[in-house]
Amino acid sequence: MEPSSSSSSSSSDTTSGKQLPVKEIPGSYGLPFFGALRDRHHFFYHQGRDNFFAARVRRHNSTVLRTNMPPGRFISSDPRVVALLDSASFPVLFDNHKVEKLDVLDGTFMPSTAFTGGHRVCAYLDTREPNHALLKAFFLNALANRKHAFLPLFRSCLREAFDHIHDALAKTARADFNAPFSRASFNFIFSLFCDGKHPEDTILGSKGPKLADTWLVFQLAPLATLGLPKLFNYIEDLLIRTLPFPAFFSKPSYNTLYEAFKAHAGSLLDEAEAMGLNREEACHNVVFLAAFNAYGGLKNQFPVLIKWVGQGGHELHADLAREIRSVVNDEGGVTLAALEKMSLLKSVVYEAMRIEPAVPYQYARARENFIVQSHDASFEVKKGELLFGYQPFATKDPRIFEDAEVFVARRFVGEGEKMLKHVFWSNGRETEEPSVSNKQCAGKNLVLLLCRLFLVDFFLLYDTFDFDFTQSSFGPIVTINSLTKASSSL
Ligand code: HEM
C-alpha cells in the first residue's frame, strides 16, 4: 500500500445535534446457547472479525445492532451485546455518567481474581468504586514521578533490541521483530518501576516476557484463535472456549513476577502506602499494570507500527529520516522538545493507532436507559445492557475519515490535527487526558512517546528496511528481511 501525501479531512464531522428518528436496535441473539455458539464460530472461523461485523451491518442496514460476542457460555454468563460500529455511537463508551465499566475489561467474561492475588485490580474497577480513583491516582503519579527516566531508559532498551535484530540478520538473513521488541517493552517497564534495576539481574533472569505471556494467555485464550487448518477449529473451540482456564496453571509464572516486583519496586510501593493503599494490594496492581496493561499493549503496538511504516514504502522512510535527522541536528539531540517538532513522525504514529488500534474491543454497561445515535438513527439502550465497540470500525468510519482504509502518513499534520478527536485507541478521545474520573489509558502519553522514540532511533540508525508479516489474533508477527544503514545523502 502506497502512502498518499495529501492530508485528509472530515467528510462529515459529526452527526450530534441532529434529531434522528428513534429505531428499534436490529439484530437478534438466536436461541439460548446455540445462538452464541453459532456467532462465535462465524466470528473466529467462518467470517473472521471484520467480515463478521461488516456482514451484520449490511444485513441490518445499521451500524448499531444486537449480536453475541465470544466466548459465550459457560465462560461468560451472558454473551449478548449491543454493538457500536461507527464513530458516532462509539464514544458513548467514554461517558462514565451513562456507562459503567465494572469487570468488563475483557468483555462478556472476567478471568478469576485468582490471577491477580485475589484482588480486582484497577482496570476492572468502575469509576464509581472508590478504589478506582485511589489506584488510578497512584499510577498517574507513579508515571509523572518517573518521567525523567523515560527517554534514557527506553533508548537503552531500544539499543538492545536493534543490536539483536542486527546480529540475527547477520547470521540468518531474516530476523524476528516481535520477540526483541516484546523484551524491550518488558525490560523498560520493569526497570522504570524498579528504580532502574534490569530484570535480568533479578530472579526473573531472561524469562520476564515469557512469564508474563504465560500468565496473559491463560486469561485471554477464550478471545483468541491459533488460525489452525479448518479441521482443528472445533477442537480448538472446545478446548479454549468451554470452561475458563484455572489460575493455578499460571500461578508459578505469576508468583515469580510478583516476587520480583515486591523485591525491587520498593520506592513505588512506598508511594502507594503513602497514598493510603495496602502494600500487598498495590503490588498486585503494579504487576497487572506492568505485565497486562503496559507490556500486553506495547508488545503488539511496535509490530503494528513497523508494519504500517513498512508498507508506507521507501519514500515515506526517506521523509521520516529527513525530518527526524534535521530536527535532532537543530535541537542538538533527541529531546522531548525535539520530538514535539516532528510533525510527520507524530502524524504517522497517530495514523497507525487509528488504522489498527492495538486493543480493538471495548465494553461498558448502561447505567440507565438512554439514547445512542449512529450517523443515521437513534436507538434506545436499556439499563443493564452491555455495549460493545469494535474500534477499527469507529476509527475507520468512512463518514468521518476520507480514504479511511488507507494509511495516510500526513493525515494528522497541520489542519489534520483537528481530526485527532476521532482517534480512540486509549479508550478516550486523543484530545482528552486520562484522569481518576475516567477509564482512559493511564499510559496514553507514555505510549505515544515510546512509539515516537522507537521511530526516531530507528531512522537515526537506518535509511529503510524490507520486511514481511503474518496476522495473528493479537496482532501482526513481523520479520525483518533487510536493514539499510543510515547514509548521509538523504
Ligand atoms: C500500546 C500500548 C497500550 C494500549 C494500546 C493501551 C490501551 C488501553 C485501553 C484501550 C484501555 C481501556 C480498556 C478498557 O477499559 O476497555 C487501557 C486502560 C489502561 N491502561 Fe493502557 N494501553 C497501553 C499501554 C499502557 C501503558 C504503557 C500503561 C501504563 C504504564 C497503561 C495503563 C493503563 C491503565 C492503568 C488502564 C486502566 C485505566 C482505568 O482503569 O481507568 N496502558 N489501556
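Of note:
- Lone unmet requirement of (1) over 24 Å from ASN285 (Cα atoms); (2) more than 16 Å from the ligand (Cβ to nearest atom) for PRO91: (2)
- VAL348 being within 16 Å of the ligand (Cβ to nearest atom), over 30 Å from LEU102 (Cα atoms) and of a type in the set (A, V, I, L, M, F, W, C): yes
- Members of segment 356-384 that are among the charged types (D, E, K, R) and either touching a Ser or Thr at 6+ places or on another chain (Cβ under 6 Å) or crowded, with 20+ Cβ neighbours inside 10 Å (or both): GLU356
- Residue tally, condition in contact with a strand residue (DSSP E or B) (Cβ under 9 Å, 6 or more places away or on another chain) and near the ligand (Cβ under 8 Å from one of its atoms), over segment 274-306: 2
- Some residue of segment 455-463 being of a type outside the set (A, V, I, L, M), farther than 30 Å from HIS148 by Cβ and either more than 16 Å from the ligand (Cβ to nearest atom) or surrounded by fewer than 19 Cβ atoms within 10 Å (Cβ to Cβ) (or both): yes
- Flag for ALA170 being more than 21 Å from ARG155 (Cβ to Cβ) and either assigned to a helix (DSSP H, G or I) or among the basic types (Lys, Arg) (or both): yes
- Counted residues, segment 351-391 - those being within 13 Å of the ligand (Cβ to nearest atom) and on the phi > 0 side of the Ramachandran plot: 0
- Condition check for TYR258: more than 22 Å from the chain's Cα centre (by Cα), closer than 26 Å to THR470 by Cβ, hydroxyl-bearing (Ser, Thr, Tyr) and not in a loop (DSSP other than H, G, I, E, B): no
So that you can scan it fast, the table gives a plain yes or no per residue for (1) at pLDDT 95 or above; (2) over 21 Å from ASP468 (Cβ atoms); (3) among the charged types (D, E, K, R):
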| position | (1), (2), (3) |
| --- | --- |
| ASN300 | yes, no, no |
| ILE306 | yes, no, no |
| GLY312 | yes, no, no |
| LEU336 | yes, yes, no |
| GLU356 | yes, no, yes |
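- Residue match in segment 475-482 (condition: within 12 Å of the ligand (Cβ to nearest atom), under 30 Å from THR108 (Cβ atoms) and either surrounded by fewer than 18 Cβ atoms within 10 Å (Cβ to Cβ) or not aromatic (Phe, Trp, Tyr) (or both)): yes
- Of all residues in segment 119-150 being touching a residue at least 60 places away in the same chain (Cβ under 8 Å) and away from the ligand (no atom under 11 Å from the Cβ), the one that is surrounded by the fewest Cβ atoms within 10 Å (Cβ to Cβ): ASN145
- Here ALA83 meets the list (1) surrounded by 22 or more Cβ atoms within 10 Å (Cβ to Cβ); (2) in contact (Cβ under 8 Å) with a residue 40 or more places away in the chain; (3) over 22 Å from the mean Cα position of the chain (by Cα); (4) within 14 Å of LEU386 (Cβ to Cβ) almost entirely, failing just condition (3).
- Test: residue in segment 412-428 that is of a type outside the set (Val, Ile, Thr), touching a Pro at 6+ places or on another chain (Cβ under 8 Å) and assigned to a loop (DSSP other than H, G, I, E, B): yes
- For segment 371-384, a residue qualifies if it is of a type in the set (Asp, Glu) and within 13 Å of VAL92 (Cα to Cα), and exactly one does: GLU380.
- Selection of first residues in segment 281-309 that are closer than 23 Å to VAL349 by Cα and of second residues that are within 11 Å of the ligand (Cβ to nearest atom) and among the hydroxyl-bearing types (Ser, Thr, Tyr), restricted to Cβ pairs under 9 Å at least 6 apart or on distinct chains, gives the following pairs, ordered by first then second residue: ALA294/SER185; TYR295/SER185; GLY297/SER185; LEU298/SER185; LYS299/SER185; GLN301/SER185; PHE302/SER185.
- Within segment 384-408, residues that are touching a residue at least 60 places away in the same chain (Cβ under 8 Å) and among the β-branched types (Val, Ile, Thr) reach partners that are crowded, with 22+ Cβ neighbours inside 10 Å and in a loop (DSSP other than H, G, I, E, B) with beta carbons closer than 6 Å, at six or more positions or on different chains, in the pairs THR395/PHE424; ILE400/SER87.
- For first residues located in segment 210-231 and among the polar types (S, T, N, Q), partners that are surrounded by fewer than 16 Cβ atoms within 10 Å (Cβ to Cβ) and lie 6+ apart or on another chain with Cβ distances below 7 Å form the pairs THR225/SER473.
- Residue within segment 123-131 that is among the aromatic types (Phe, Trp, Tyr) and closer than 16 Å to ASN445 by Cα present: no
- Subset of segment 400-435 (residues that are more than 17 Å from SER87 (Cα to Cα) and near the ligand (Cβ under 8 Å from one of its atoms)): PRO434
- Long-range neighbours under 7 Å by Cβ, at least six apart or interchain, first residue of a type in the set (Asp, Glu) within segment 156-184, second not in a helix (DSSP H, G or I): ASP176/THR479
- Residue match in segment 438-454 (condition: more than 16 Å from the ligand (Cβ to nearest atom), assigned to a helix (DSSP H, G or I), buried (at least 22 other Cβ atoms within 10 Å of the Cβ) and touching a residue at least 60 places away in the same chain (Cβ under 8 Å)): no
- Only one of the listed residues (ASN285, ASN300, ASN187, ASN255) is surrounded by fewer than 19 Cβ atoms within 10 Å (Cβ to Cβ) and among the polar types (S, T, N, Q). That residue is ASN255.
The values are calculated or read from the model by the stated rules, or taken from the named source; none is laboratory data. This one's a predicted model, so the numbers in the text were calculated from it and none came from an experiment. Don't worry about glycine lacking a Cβ; one is built from the backbone with ideal geometry, like all the others, and counts go over all protein chains shown.
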